[in-house]
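Reading through the structure tokens given below for one structure.
Laboratory data are not the source of any read-out in this text; all were calculated from the coordinates shown. Remember, predicted model here, so these are calculated numbers, not experimental data.
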Amino acid sequence: MIICFSGTGNSRYIADALAEKLCDEVVSLNDILKNDLSMEFEAGGRCVRGCAIYGWRRREPVGTCLWRAGCKGCKKVYVVATMGLNCGKADVYVAKTLAGKDIEFMGLTGIVMTDNYVVMSPMPDMATVEVTNRKALLTLEPVAEKILNGEKIVKTDKTRFAGLKSGPVNNMFTKHMADAGYVISDSCTGCGKCVEFCPSNNVKIVDGKASIGKDCFCCYGCLHRCPQAAIDIKGKTEDKGRFVCPDYVSVAQE
């Protein structure tokens, strides 16, 4: 079983590809959280958790929710995470989370996908995304083989000053993300796509316009899926494009 959380589709893309290689199934943590479903599953002897690495560590509170999901009969757990360039000491933090539990941590590896943190950089064009996705699937091949064989996986990326970045820098980054400062422009039509997607049920339509509350996972799924690009963060993302993997990408306008 592969339990996956995905904001803009990167992690789901990798989870689906991995499930095909392992002849396994993907369980969407998004759906579980949104619909308040049971987090207990029959997983057999192996479970894979999929999520994104933000700021050289798994994103909270998603990480906490990911480990709340229980898999009966599971003795081994793998983490296959999507990331921008590197994942710091994300594997060390996962190992600490699992310490003392009756389960064997079989390792974490990061798969490079399109960086969707639109606050920092504009979204690439579709051709660039397709190249990134193809490379990601090639990287996934040996990972899937090891999981099939019951072998441990390891992260292959290197991060300079990994302890600093996964520690204090991540703490500052997480606080910065939590204070998103969403602004809804007048181009919002109240279509409800943001409400439909939001895994924490944090978005509502008020007086015909989207309204985002405080219970935010900072997955940016609403921002990237808005067909009018009406959701902005502190005036920093208006012209940087929007991205959803693998179906849709738009580039920032000149």
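Full extension of the chain segment joining Val119 with Glu196 gains 25.4 nm, where the gain is 0.36 nm per residue of separation less the Cα-Cα distance. Compactness of the stretch 1-67, taken as the C-alpha radius of gyration over 2.2 N^0.38 Å, stands at 1.07. Using θ = phi - 60° in the Karplus curve 6.51 cos²θ - 1.76 cosθ + 1.60, the 3J(HN,Hα) couplings for the stretch 215-232 round to 8, 9, 8, 6, 8, 6, x, 5, 4, 6, 8, 5, x, 9, 6, 8, 9, 10 Hz; x is entered for Gly and Pro. The string of couplings for the stretch 72-89 from the Karplus curve (6.51, -1.76, 1.60, θ = phi - 60°) is 5, x, 7, 10, 10, 10, 10, 10, 10, 10, 8, 7, x, 10, 7, 10, x, 10 Hz, one whole number per residue in order, with x for Gly and Pro. Rounded to the nearest whole Hz, the Karplus-based 3J(HN,Hα) values (6.51 cos²θ - 1.76 cosθ + 1.60, θ = phi - 60°) of the stretch 8-15 follow the sequence 10, x, 4, 5, 5, 4, 5, 4, with x at glycine and proline.
Most mobile of Thr82, Thr139, Thr114 per a Gaussian network model of the chain (Cα springs, under 10 Å)? Looking only at Thr82, Thr139, Thr114, the largest GNM fluctuation is found for Thr139.
Maximal additional length on extending the Lys209-Lys101 stretch stands at 34.3 nm, based on 0.36 nm per residue less the C-alpha distance. Secondary-structure-derived ellipticity at 222 nm for the chain, considering helices only, amounts to -9000 deg cm²/dmol, per-run term -39500 (n - 2.57) for DSSP H runs with n ≥ 4. For the stretch 105-254, the Kirkwood hydrodynamic radius comes to 17.6 Å, computed from all pairs of different C-alpha atoms.
Highest GNM mean-square fluctuation among Leu138, Leu33, Leu18, for the chain modelled with Cα contacts below 10 Å: Leu138. Kindly provide log₁₀ I(q)/I(0) values, in the same order as q = 0.09, 0.10 Å⁻¹, from the Debye equation applied to equal alpha-carbon scatterers of the chain. Cα-only, vacuum Debye calculation for the chain: -0.39, -0.48. Over the stretch 49-163, what is the relative contact order in percent, taking alpha-carbon pairs closer than 8 angstrom and at least six residues apart? Normalised by residue count, the contact order of the stretch 49-163 is 30 percent.
Of the residues Tyr220, Tyr93, Tyr54, the one that moves most in a GNM of the chain with alpha-carbon contacts below 10 Å is Tyr93.
Across the chain, the mean sequence separation of Cα contacts (distance under 8 Å, 6 or more residues apart), normalised by length, yields a relative contact order of 21 percent.
Close amide H partners of Ile111, meaning residues 5 or more places away or on another chain with modelled amide H under 5 Å apart, are Ala81, Thr82, Met83. Counting only DSSP beta bridges whose two residues both lie in the chain, roughly 30 percent are antiparallel. Bridge orientation summary for the stretch 38-88: considering DSSP beta bridges with both residues in this region, about 10 percent are antiparallel.
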